[in-house]
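Down below is the structure, laid out as structure tokens.
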Amino acid sequence: MGKIMLVLCLLTGSVTVFSQNYKFQALYVFNIAQNIQWPGAINHFTIGVVGSHDMANELTQIFKTRKLGSLPVVVKPIEMTIADITNCQLVYLGRGASSKLEALVPYVRTKPVLVVSDKTGLSGAGINMLDNASKLEFEIFPSIIKEQGLKVAGSLLNLGIVK
Amino acid sequence: MQSSIIKLLTVMIIVTQSVTMAHAQTSVPDYGNMTLEQMRQLTQDDLASIPFEELIALVKKFKVSSIDELYQMILNPTQTTASKKEEAVFNSPLTTTVLLGDDIMKSGARSIPEALRLAPGLIVREQTNGNYDVHIRGNDFVPPGSNISSAVNNTTLVMIDNRPVFNNFVGSTYWESLPIEVTDIERIEIVYGPASALYGPNAVSGVIHIITRTPDQENLHAETKAESSINDWAIAMRGITYVTPKSKFRLSGNYKLSKRFQDNYYIPSEGKTVTGKQVGAINAAADTTYVSEDFDSDYDVALEKYGVNLFYDYTPSEALHLSYDASWQQSDAQVVSMQVGSVLNHRQSSTVSNNLNVNYKDVEFNLSAVTGHLNALVGLPGYEYNYTELNTRLGYNWQYRNLTLRPGIDANYSMYTDEPYVNEENYEGLINGTAELGTVQTSLRADYMAFNRLRLTGAWTQGYFYKPERHYNAWQLSASFNLTDNMLWRAVASKANSSPFIINTFANRQLQLPADVTNADATASFARLGNPDLEPLTMHMYEVGVRNHLWQRVQTDVSAFYNITTNYPSMGQSTQINQVPTTLPDGFTPPDGTITQQQTQTIEKANNSDIESHQLGVTANVKIALSQNLNATVFATWQQTTVKNYLVIDSASYTQLTGKTLSMADLMSNPQTIDFTHQYTPEWYGGATINYQPFRKFNIASSAYAYSKQTTFYTIKNQFAWVNVNPKIIWNMNITYYITKWLQVNANARNVLNNESKEFIMTDKTGGSYLLGMTIKL
């Protein structure tokens with residue numbers, strides 16, 4: 001029975017076959033965040049999501065029952081503005097927003113805001129996701145992360161593509 | 001069942017893991033060996049608890065499996081028609097093709113017969129715009145040269161959701177009278193070759209099983225599509241659907257109007273085309289009972305049809321599934337049925353059908369009924385009737401280890417009456433009363449898997465035709481062997497037969513012909529009689545095939561088949577000269593003695609002929625899933641058919657067919673039967689399709705269908721004449737643009753190059769159609 005439903009879903013979903021599976025991307029962001037240290041004392045953690053309601057929903061789901069270390073996490077959809085972005089500890093840029101990363105870089109280069117972009121071939125963010133039909137990987141830019149004052153756990157460097 | 005246990009185990013394991021996080025574990029979930037289904041069942045919460053390294057490995061495997069599964073879906077969909085249980089096409093013991101509804105829609109096919117051009121092994125010829133002649137593999141127009149009615153396909157069983165839509169009057173499928181349209185299709189499963197053992201008589205050349213969509217989106221949705229060109233208008237509501245956890249409800253409707261590509265008609269007896277206005281008189285001259293006023297309008301309408309369908313699906317538990325469809329349709333099509341004067345005539349149908357399918361564990365039950373009114377040849381008395389067809393099937397799949405046994409019982413009852421439409425006393429009609437036919441058959445199918453590689457199936461059917469009282473049997477044997485995991489060899493032998501049809505069995509039509517002017521005392525009459533002793537048409541088939549799954553993305557299927565068809569009915573004529581008492585006008589006192597008249601009675605009666613059709617052919621089919629959004633198929637059939645024991649009745653035909661000369665007297669005293677190559681079936685036919693979705697919003701589908709030259713003979717201007725159909729390639733293209741989630745438009749070009757050559761002898765030119773369509777989903 002489940003197989004038939006699966007078949008039907010795949011059939012009707014043929015138009016949406018390109019839509020990204022944010023479920024796994026959100027899990028990756030969750031795991032990546034656990035392996036990075038933010039400087040200073042912060043009493044709450046905000047994740048800002050630009051241009052993807054699906055991603056925001058998935059992250060909200062995860063952080064409903066989980067914390068980062070001992071910190072409660074708030075996930076909110078934000079606009080691509082300097083004020084909004086610098087108020088977050090982690091910013092995820094959707095596909096469309098990722099194209100505008102270059103304009104953002106000067107404003108966050110020395111701020112402890114981990115930027116996760118989502119576009120193949122892009123550099124400028126600390127983490128860049130590569131999500132296509134056959135794989136989900138992420139690129140790490142240790143020099144960018146270091147310049148922002150963040151610390152990367154060694155184990156994370158083994159799991160992503162170091163650039 | 002098995003997956004529920006695994007899910008339970010998985011959840012239990014994960015719970016254990018999180019509770020004993022601090023301690024060393026002995027029961028770590030084995031993410032490396034999880035199946036795709038198990039992975040799908042993990043919740044977001046489960047996944048968030050998995051260590052990152054293992055999550056990455058799991059996602060990688062999941063994505064690869066999903067792709068694999070998607071390719072499998074494209075290349076190798078599941079079907080239930082070949083063995084009456086669900087299995088992938090790759091594993092089907094018979095040659096099988098599945099066309100998915102979504103692929104049909106994307107290709108731009110406007111009707112079910114047109115959609116069949118996307119499948120290998122199908123010969124589909126357009127007679128008039130929107131009306132097609134469909135044959136599986138061939139054996140079409142045998143015996144040739146006779147009335148065009150033997151070009152009709154009476155050997156393929158077409159079903160909608162297990163309901164046969166085969167009409168028992170002449171024995172054929174009236175495609176325009178199917179109440180559903182392409183928008184209603186979930187998939188079409190085609191099984192090639194005799195399948196009477198599973199489906200009853202008339203599954204002789206194969207089965208075309210149309211399975212309708214089950215709604216899957218929750219709550220209330222509606223989807224409507226309208227598409228039109230200069231010659232065609234169509235609107236279809238795929239469904240107003242309403243879904244709850246246990247019930248699914250769908251209402252669909254369709255309307256179509258197609259105009260012909262010409263408005264004149266070819267008259268074989270005159271060897272020329274005439275205007276619509278002239279046809280009525282020509283037909284009345286050919287058959288004195290024909291009502292010429294009935295052929296007086298709508299010369300340019302090829303097809304007009306309406307349909308409304310209601311589908312209800314109820315699944316109260318995993319063991320029980322019920323589905324019920326009710327449909328109403330009305331149609332009027334100009335098609336080839338029988339040549340009067342013109343080859344084309346209007347056929348009108350109005351029917352209501354009901355269909356119930358019940359699946360309870362391993363038991364399957366189907367009950368279906370269709371009631372309606374059909375006028376198979378408007379204008380000619382005797383072809384209009386009311387009818388009812390009832391069908392029921394019961395089957396049980398009993399499985400023990402590697403053996404599945406399926407006993408089954410099928411019954412069919414048909415009742416046709418022309419009483420309301422003819423003057424029975426004058427024997428005006430064909431039946432002149434009510435005719436009934438019935439069939440009961442029991443069957444047993446065994447399916448055995450040996451060593452996990454060799455699969456043997458056998459089916460035997462014992463049946464009884466209630467009217468006329470005759471027993472019949474049909475059988476099917478197959479062996480399929482997995483040489484490797486990706487290669488399946490199969491061999492099939494089968495036998496099937498037709499059932500008696502109303503006209504052939506019960507015809508009882510008598511005509512008084514115009515008196516002979518040279519002999520005032522003579523009259524002539526003509527009787528067309530059925531023959532209850534007619535043996536049913538029978539086909540034996542032998543086939544070998546091989547399926548290959550190459551490099552994950554390619555699937556090929558090659559099959560070689562040989563079939564022999566016997567017991568073709570043919571009209572035999574005999575003449576009798578009687579002396580009959582003269583009928584005198586009232587009040588007239590006869591002189592001494594009764595006056596008698598000489599009456600010549602010509603009787604035309606269907607008899608089994610010695611004609612045989614032997615066909616040898618090969619079909620090859622390649623399916624390629626280049627990527628998720630690009631897939632293609634290419635298929636072709638080569639075949640050669642020999643007609644044997646064809647009785648030649650006149651010397652002109654004899655000379656043309658053999659190249660030798662024999663006088664008429666010689667032929668009369670020494671009737672000749674000959675063998676020849678049947679060139680009406682194209683030696684080559686096939687097609688190709690490509691579907692490409694470069695961006696999410698854009699889909700391009702291109703298809704081609706082609707066939708080689710066809711030649712047959714017919715009587716034109718009362719003389720033997722060769723008739724040709726030129727080779728043709730038909731290119732189609734459909735581009736769909738998905739503007740928003742709820743709105744899409746498409747540009748659809750059928751026969752893009754406007755190749756107008758006729759596809760069916762003596763019917764219309766069939767040119768290009770350029771349509772624009774729009775679909776709204778709410």
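The values are calculated or read from the model by the stated rules, or taken from the named source; none is laboratory data. Just so you know, these numbers come straight off a predicted model, no measurement behind them. Every residue, glycine among them, receives a Cβ derived from its backbone with ideal geometry; neighbour counts consider all protein chains shown.
For the stretch B:163-182: of the residues being in contact (Cβ under 8 Å) with a residue 24 or more places away in the chain and among the hydroxyl-bearing types (S, T, Y), which is nearest to B:D325 (Cα to Cα)? Ranking the candidates gives B:S177 first. Take B:A520 and decide whether it is among the aliphatic types (A, V, I, L, M) and either surrounded by 17 or more Cβ atoms within 10 Å (Cβ to Cβ) or modelled with pLDDT of 90 or more (or both). Judged against the criteria, B:A520 is not a match.
The residue of the stretch B:421-454 that is surrounded by the fewest Cβ atoms within 10 Å (Cβ to Cβ), among those that are under 30 Å from the mean Cα position of the chain (by Cα) and within 25 Å of B:T288 (Cβ to Cβ), is B:G433.
Residues in the stretch B:601-658 that are small (G, A, S) and outside any strand (DSSP E or B): 4 in all. Checked against (1) among the charged types (D, E, K, R); (2) free of Cβ contacts under 8 Å to residues at least 60 places away in the same chain; (3) surrounded by fewer than 17 Cβ atoms within 10 Å (Cβ to Cβ); (4) away from every other protein chain (no Cβ under 14 Å), A:K151 meets all criteria but (2).
Restricting attention to the stretch A:62-77, the residues that are part of a strand (DSSP E or B) and in contact (Cβ under 8 Å) with a residue 24 or more places away in the chain add up to 8. Somewhere in the stretch B:583-599, is a residue acidic (D, E), crowded, with 16+ Cβ neighbours inside 10 Å and either modelled with pLDDT under 95 or over 25 Å from B:M487 (Cα atoms) (or both)? The answer is no; no qualifying residue exists. Looking only at residues in the stretch A:102-118 that are touching a strand residue (DSSP E or B) at 6+ places or on another chain (Cβ under 7 Å) and in a loop (DSSP other than H, G, I, E, B), the one that is surrounded by the most Cβ atoms within 10 Å (Cβ to Cβ) is A:D118.
Inspect the stretch B:207-228 for any residue being within 14 Å of chain A (Cβ to nearest Cβ), touching a helix residue (DSSP H, G or I) at 6+ places or on another chain (Cβ under 9 Å) and closer than 30 Å to B:G138 by Cβ and give the result as yes or no. Yes, because at least one residue in the stretch B:207-228 is within 14 Å of chain A (Cβ to nearest Cβ), touching a helix residue (DSSP H, G or I) at 6+ places or on another chain (Cβ under 9 Å) and closer than 30 Å to B:G138 by Cβ.
From the list B:I160, B:I190, B:I185, the lone residue that is crowded, with 23+ Cβ neighbours inside 10 Å, over 23 Å from B:S350 (Cα atoms) and in contact (Cβ under 8 Å) with a residue 60 or more places away in the chain is B:I190.
Look at the stretch B:311-327: where a residue is touching a residue at least 24 places away in the same chain (Cβ under 8 Å) and a partner is basic (K, R) and surrounded by 17 or more Cβ atoms within 10 Å (Cβ to Cβ), sitting 6+ places away or on another chain with Cβ atoms under 6 Å, you get B:F311/B:R250; B:D313/B:K248. Considering only residues that are of a type in the set (S, T, Y), under 30 Å from B:A524 (Cα atoms) and in contact with a Lys or Arg (Cβ under 9 Å, 6 or more places away or on another chain), which ones fall in the stretch B:603-632? Those that are of a type in the set (S, T, Y), under 30 Å from B:A524 (Cα atoms) and in contact with a Lys or Arg (Cβ under 9 Å, 6 or more places away or on another chain): none in the stretch B:603-632. Filtered by the rule that a residue be surrounded by fewer than 20 Cβ atoms within 10 Å (Cβ to Cβ) and within 20 Å of B:W731 (Cβ to Cβ), the stretch B:653-693 gives B:W684, B:A688, B:I690, B:Y692.
When you scan the stretch B:609-622, do you find a residue that is of a type in the set (V, I, T), in contact (Cβ under 8 Å) with a residue 60 or more places away in the chain and closer than 30 Å to B:S574 by Cα, even just one? Checked against the condition, which is being of a type in the set (V, I, T), in contact (Cβ under 8 Å) with a residue 60 or more places away in the chain and closer than 30 Å to B:S574 by Cα, the stretch B:609-622 yields at least one hit. The residues in the stretch A:29-61 that are within 12 Å of another protein chain (Cβ to nearest Cβ), within 13 Å of the chain's Cα centre (by Cα) and without any contact (Cβ under 8 Å) to a residue 60 or more places away in the chain can be counted, and the count is 7.
The single residue among B:A109, B:A115 that is aliphatic (A, V, I, L, M), part of a loop (DSSP other than H, G, I, E, B) and touching a residue at least 12 places away in the same chain (Cβ under 8 Å) turns out to be B:A109. Going by what's in this entry, would A:I144 be described as under 14 Å from the mean Cα position of the chain (by Cα) and surrounded by 13 or more Cβ atoms within 10 Å (Cβ to Cβ)? Taking the combined requirement at face value, the residue does not satisfy it.
For B:T81, the conditions (1) more than 14 Å from the chain's Cα centre (by Cα); (2) under 21 Å from B:Q555 (Cα atoms); (3) of a type outside the set (A, V, I, L, M, F, W, C) are fulfilled apart from (1).
Among the residues of the stretch A:125-147, write down those that are in contact with a strand residue (DSSP E or B) (Cβ under 7 Å, 6 or more places away or on another chain) and either small (G, A, S) or more than 14 Å from chain B (Cβ to nearest Cβ) (or both). Matches in the stretch A:125-147: A:A125, A:G126, A:N128, A:P142, A:I145.
For the stretch B:84-105, filtered to residues that are touching a residue at least 60 places away in the same chain (Cβ under 8 Å) and more than 21 Å from the chain's Cα centre (by Cα), the residue that is surrounded by the fewest Cβ atoms within 10 Å (Cβ to Cβ) is B:N91. Filtering the stretch B:44-99 to residues that are among the β-branched types (V, I, T) and either touching a Cys at 6+ places or on another chain (Cβ under 7 Å) or within 8 Å of chain A (Cβ to nearest Cβ) (or both) leaves B:I56, B:V59, B:V64, B:I67, B:T78. Restricted to strands (runs of 3 or more DSSP E) entirely inside the stretch B:718-766, those with at least 1 residues that are at pLDDT 95 or above and farther than 22 Å from B:F141 by Cβ are B:728-740, B:743-750.
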